[in-house]
Amino acid sequence: MKSSLENMMSRRIKAVIAFFSLNIVLLGALCANPQNRFGAFLKEAETLYANEKFQNAIDRYQHVADSGFHSSELYYNIGNAYFKLGDISRSILNYERALLLAPTDGDILFNLEKSRTYVVDNIEVIPEFFIKSWLRKTIVIFNSNAWAVTALMAFLFATLFLLVFFIARKVVVKKVMLPVSIIALLVFLFSIIFSSRTKGYVEDSNYAIIMQSTVTVKSSPDNGGVDVFIIHEGTKVNVLRSLADWHEIKLADGKQGWLSAEEIEKI
Amino acid sequence: MKLVNTIFVLLIVSLASAQTLQFKAEGPRYVKVGERFQLQYTLNASVDEFEPPSFGDFDFIDGPMRGSSSNISIINGKTTRSQNYTFTYILGAKTAGNFKIGPAKAVYKKNNVSSNSVNIEVVGNSNANQGQQSGTESAKQGAPSVQGAGDQIFVRLVTDKKTCYVGESITAWVKIYTKVSLSDIDRNYKGPVFSGFYKQDIDIPPITNLEREKVGNDIYYSGTLQKVVLFPQKSGDIRIEPFDLTVYVQKQVKRRSRSPLDDFFGSSYTTEAVKLKSKPVTIKAKALPGNKPNGFSGAVGKFTLSGSLNSNKVKTNDAVSFKLSIKGTGNIKLVEQLNYNLPSTMQVYDPVIKSNIDKSGKRGSKTFEITAIPRHPGTIEIDPFSFVYFDPSAKKYKTLKTQAFKLEVERGESDSNSVVISNLSKEQVELLASDIRYIKPVEKLSKKGDYLIDKLMYKLSYLLISMLFIALLVFNREQIKRNANVIKTKNKKASKQAMKRLKRSKELLGQNKLDLFYEELSKALWGYISDKLNIPQSSLSTDSAKEALNSHEISNELVDELFNTISHAEFARYAPGAADKDPNQVYDNALHLLMGIENSFKQV
């Protein structure tokens with residue numbers, strides 16, 4: 001009997017270790033690094049930028065993005081190059097894209113602020129509800145995939161602790177394992193929620209940047225509409241909805257109106 | 001002397017009264033083949049021997065018809081008298097081509113005078129049909145009935161260029177061309193949509209008279225409905241979509257019955273609405289070349305820059321004002337940026353911008369008035385202000401610079417603020433000196449829209465973990481059950497096993513194998529305790545066994561007896577000679593004890 005219990009424990013441990021390693025392999029496979037494929041391009045782009053051949057650098061970086069791969073550094077670099085070329089609206093567009101992927105990056109924020117100084121419009125931003133913005137700031141510490149991994153780990157530990165809780169004979173062990181496994185489950189739950197939220201922040205973001213140097217925003221989606229206000233390139237707008245070739249947009253200070261789809265580009 | 005004076009006076013008088021003769025010939029610029037038109041000669045004095053020129057390639061139909069008018073006006077006691085004499089000819093155009101009708105000649109005060117010649121272009125096929133009546137050049141005159149719109153009437157957006165740079169001005173007119181008389185134009189006309197352009201409307205007088213204009217091989221009456229100046233805001237082909245316009249045409253109504261009364265009253269007219277649609281117009285806007293210098297303002301055109309400073313000597317905390325003026329042609333209305341670099345020791349306010357654009361929409365001036373306050377004494381050297389624009393005709397970016405400025409600042413009265421301000425200016429200096437941060441190496445790339453939480457593999461992992469969890473739990477339960485079973489079984493069989501062993505020991509005793517007997521006896525007893533109490537033999541000791549037996553409420557007597565027997569058996573086993581008890585006795589004891597303990601267990 002002694003030996004069978006030992007057997008059981010060692011078997012369990014072995015099973016868990018086996019599963020752990022299987023998981024790690026799976027996660028590793030899920031996060032395969034495509035950077036190698038574009039290694040040459042990226043190196044070229046860096047050199048071109050250093051030699052002030054900004055448009056050529058943009059072409060390289062953009063090729064990578066157009067192939068379906070991106071990173072916050074990629075967009076940040078494109079933003080820098082456009083800034084050097086003097087194309088403010090495109091530099092802001094790319095900094096915003098970079099920011100979506102890395103919301104707390106100081107360099108992106110700094111350069112974005114610098115670019116914004118060239119935007120003609122000075123829009124008073126209505127501050128967001130402070131709890132909402134505090135929550136958002138804490139959640140974006142990790143990106144969606146990081147939260148997903150955390151969730152999986154938490155779930156694994158939760159099941160482990162629960163298993164021990166059920167199997168263990170000593171009451172002391174049982175007493176400790178129950179709250180610990182509950183904590184692990186809570187961590188899992190929150191991580192899943194955060195993973196979904198951070199995905200939402202990127203995928204559902206409906207902002208755009210004005211690309212045309214002067215845009216007249218109208219009260220209705222047709223050219224006969226009353227002109228409501230004029231905004232300039234580089235200004236960030238929130239796209240509320242679309243109708244044919246028109247978008248209804250809202251500014252940071254609450255002003256709303258319609259403009260033509262070709263005058264903006266979505267982040 | 002008197003004679004000379006008189007002649008002098010007469011000369012002067014005659015000179016004064018001999019006004020400059022105006023002898024003008026007027027005719028239409030364009031005529032259609034087969035059309036009749038009017039050629040009119042106008043004089044402001046009466047002449048002798050008026051002689052028309054040869055009409056050459058034109059048919060002479062009628063003339064000259066003479067006319068005269070005179071006008072006397074007395075203003076502020078001054079009398080002015082003017083006279084007009086006209087000779088009018090009606091000619092017909094025979095063949096197409098560019099023709100010149102030479103000057104007409106006349107004799108005025110014994111001098112030969114002549115008019116200007118007239119250039120007429122005759123348009124159309126040389127064997128064209130109906131001659132249209134053309135009295136004066138106003139379309140409000142009677143015209144034949146409408147046959148159908150299309151080539152009778154059309155509306156067109158005319159631009160002065162089709163290719164230009166982004167930001168360069170294009171003048172566009174909405175013109176209507178017609179061969180028939182129009183009674184009205186739709187009042188609700190909105191005009192074409194100029195998306196992709198910044199538009200400046202130009203005031204034009206409303207259409208009253210249409211002018212003759214040649215279009216291809218044909219002549220139309222045309223008028224301008226709307227005039228705008230457009231500045232493309234993006235590069236590429238920008239299409240201006242067709243627009244609609246409804247016009248009202250006078251149509252002659254033919255009556256079936258021709259009573260003499262009808263002839264008397266003349267034909268009646270009704271107005272018919274005709275919907276016109278223009279053709280789309282594409283403007284090719286070229287993107288400005290990529291080598292934009294720093295500080296390019298977005299201005300396209302030709303400009304000049306001038307700048308001034310209102311004072312060279314001030315005291316600290318006194319305001320100075322820079323006045324910069326940009327003048328020229330182009331998209332001046334959209335110009336917002338002027339480059340300047342005022343030292344951070346001055347407090348600079350946002351410029352006050354004033355625009356002055358003339359009626360053409362593309363020419364004018366813009367002044368930037370920048371107020372600045374120096375906070376520290378000293379001599380301040382101010383860099384020239386610059387303005388960068390793109391000249392589309394030179395196809396180059398041009399930078400204009402003002403002169404540099406020098407400002408002498410004396411210490412003023414209140415300088416208590418200077419400490420605080422200098423802190424601010426320090427910060428400003430740091431910011432001014434910094435550029436954007438440098439690029440970062442791109443080390444990791446992720447696939448767009450690739451999220452772990454969406455992946456099947458990820459969700460399966462959870463399933464796997466859960467299943468494993470359940471499996472292990474179930475496995476665990478089964479093990480416990482099995483163990484319990486084993487224990488139960490062992491427990492049940494405990495006495496049976498013990499009996500079996502005792503029997504064996506009895507056999508051994510019979511065979512006189514004493515040490516084996518004692519061994520077997522020992523095994524029987526220990527084995528029984530181990531099975532019954534579910535304590536593995538390895539952790540079995542006298543103390544643990546005693547404890548366990550006591551916890552099952554087996555009487556101490558029995559327990560002590562049992563262990564006496566056990567210890568005796570062990571002693572006898574290892575030191576056979578020293579055994580003092582009769583083995584048979586020991587055997588019987590053991591048997592009794594076992595049964596007793598078994599009964600005790602059963603009673604619990």
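Among the residues of segment A:199-212, those that are assigned to a helix (DSSP H, G or I) and either modelled with pLDDT of 90 or more or facing chain B (nearest Cβ under 8 Å) (or both) comprise A:199, A:203. Only one entry of A:132, A:84 meets the criterion of being closer than 25 Å to residue B:292 by Cα, assigned to a helix (DSSP H, G or I) and over 15 Å from the mean Cα position of the chain (by Cα), and that entry is A:84. The residue list A:93, A:48 contains one member that is touching a helix residue (DSSP H, G or I) at 6+ places or on another chain (Cβ under 7 Å) and not polar (S, T, N, Q), which is A:48. Every condition in (1) more than 8 Å from chain B (Cβ to nearest Cβ); (2) touching a Gly at 6+ places or on another chain (Cβ under 9 Å); (3) part of a helix (DSSP H, G or I) is met by residue A:154 except one, and the failing one is (2).
Evaluation of residue A:121 against the conditions (1) over 25 Å from the mean Cα position of the chain (by Cα); (2) among the charged types (D, E, K, R); (3) part of a helix (DSSP H, G or I) shows that the sole unmet condition is (3). Scanning segment B:50-63 for residues that are modelled with pLDDT under 85 and in a strand (DSSP E or B) gives a single hit, B:63.
Selection of segment A:79-116 for residues being without any contact (Cβ under 8 Å) to a residue 24 or more places away in the chain and facing chain B (nearest Cβ under 9 Å) yields A:86, A:87, A:106, A:110.
Restricting segment B:560-604 to residues that are among the acidic types (Asp, Glu) and not in a helix (DSSP H, G or I), the residue that is modelled with the highest pLDDT is B:582. When segment A:127-144 is filtered for residues that are modelled with pLDDT of 85 or more and within 11 Å of chain B (Cβ to nearest Cβ), only A:144 remains. Taken over segment B:448-464, the criterion of being within 13 Å of residue A:202 (Cβ to Cβ) and out of contact with any Ser or Thr (no Cβ under 9 Å at 6 or more places or on another chain) is satisfied by B:448, B:449, B:450, B:454. Taking segment B:330-373 as the range and being surrounded by 15 or more Cβ atoms within 10 Å (Cβ to Cβ) and in contact (Cβ under 8 Å) with a residue 60 or more places away in the chain as the test, the residues that pass are B:330, B:331, B:333, B:334, B:344, B:345, B:347, B:357, B:361, B:362. Which count do you get for residues in segment A:145-161 that are buried (at least 19 other Cβ atoms within 10 Å of the Cβ), at pLDDT below 90 and aliphatic (A, V, I, L, M)? Result for segment A:145-161: 1. Evaluate the following for residue B:505: is it surrounded by 15 or more Cβ atoms within 10 Å (Cβ to Cβ), away from every other protein chain (no Cβ under 14 Å) and assigned to a helix (DSSP H, G or I)? The answer is yes for residue B:505. Here the condition is being within 21 Å of residue B:398 (Cβ to Cβ) and under 29 Å from the mean Cα position of the chain (by Cα); of B:325, B:297, it holds for B:297 alone. Among the residues of this structure, residue A:198 counts as one that is β-branched (Val, Ile, Thr) and surrounded by 19 or more Cβ atoms within 10 Å (Cβ to Cβ).
To keep it simple, each residue is scored yes or no on (1) facing another protein chain (nearest Cβ under 9 Å); (2) closer than 20 Å to residue B:563 by Cα.
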site: B:442; (1), (2): yes, no
site: B:459; (1), (2): no, no
site: B:472; (1), (2): yes, no
site: B:485; (1), (2): no, no
site: B:493; (1), (2): no, no
site: B:497; (1), (2): no, yes
site: B:515; (1), (2): no, yes
site: B:528; (1), (2): no, yes
site: B:548; (1), (2): no, yes
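Restricting segment B:166-188 to residues that are more than 17 Å from residue B:282 (Cβ to Cβ) and within 12 Å of chain A (Cβ to nearest Cβ), the residue that is modelled with the lowest pLDDT is B:188.
Considered as a group, the residues in segment B:304-319 that are surrounded by 13 or more Cβ atoms within 10 Å (Cβ to Cβ) and more than 16 Å from residue B:384 (Cβ to Cβ) include one that is nearest to the other protein chains (Cβ to nearest Cβ), and that residue is B:319. Could you check, for segment B:375-388, whether at least one of its residues is modelled with pLDDT of 80 or more and within 14 Å of chain A (Cβ to nearest Cβ)? The answer is yes; a qualifying residue exists.
Among the strands (runs of 3 or more DSSP E) confined to segment A:213-262, the ones with at least 1 residues that are within 13 Å of chain B (Cβ to nearest Cβ) and more than 29 Å from the chain's Cα centre (by Cα) are located at A:214-218, A:227-232.
A quick yes/no check of all residues on (1) touching a strand residue (DSSP E or B) at 6+ places or on another chain (Cβ under 7 Å); (2) more than 14 Å from every other protein chain (Cβ to nearest Cβ); (3) crowded, with 16+ Cβ neighbours inside 10 Å:
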| residue | (1), (2), (3) |
| --- | --- |
| B:196 | yes, no, yes |
| B:203 | no, yes, no |
| B:210 | yes, yes, yes |
| B:219 | yes, yes, yes |
| B:222 | yes, yes, yes |
| B:225 | yes, yes, yes |
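For segment B:333-347, filtering for residues that are within 14 Å of another protein chain (Cβ to nearest Cβ) and either assigned to a strand (DSSP E or B) or farther than 22 Å from residue A:231 by Cβ (or both) leaves 1. Of the residues making up segment A:117-126, those that are touching a residue at least 24 places away in the same chain (Cβ under 8 Å) and at the interface with another protein chain (Cβ under 10 Å from one of its Cβ atoms) are A:118, A:120.
Can you pull out the residues in segment B:281-332 that are closer than 19 Å to residue B:365 by Cα, hydrophobic (A, V, I, L, M, F, W, C) and not in a strand (DSSP E or B)? Within segment B:281-332, B:332 is the sole residue that qualifies.
The values are calculated or read from the model by the stated rules, or taken from the named source; none is laboratory data. Quick caveat: nothing in here was measured; it's all calculated off a predicted structure. Backbone-built Cβ (ideal geometry, glycine too); neighbour counts: all protein chains shown.
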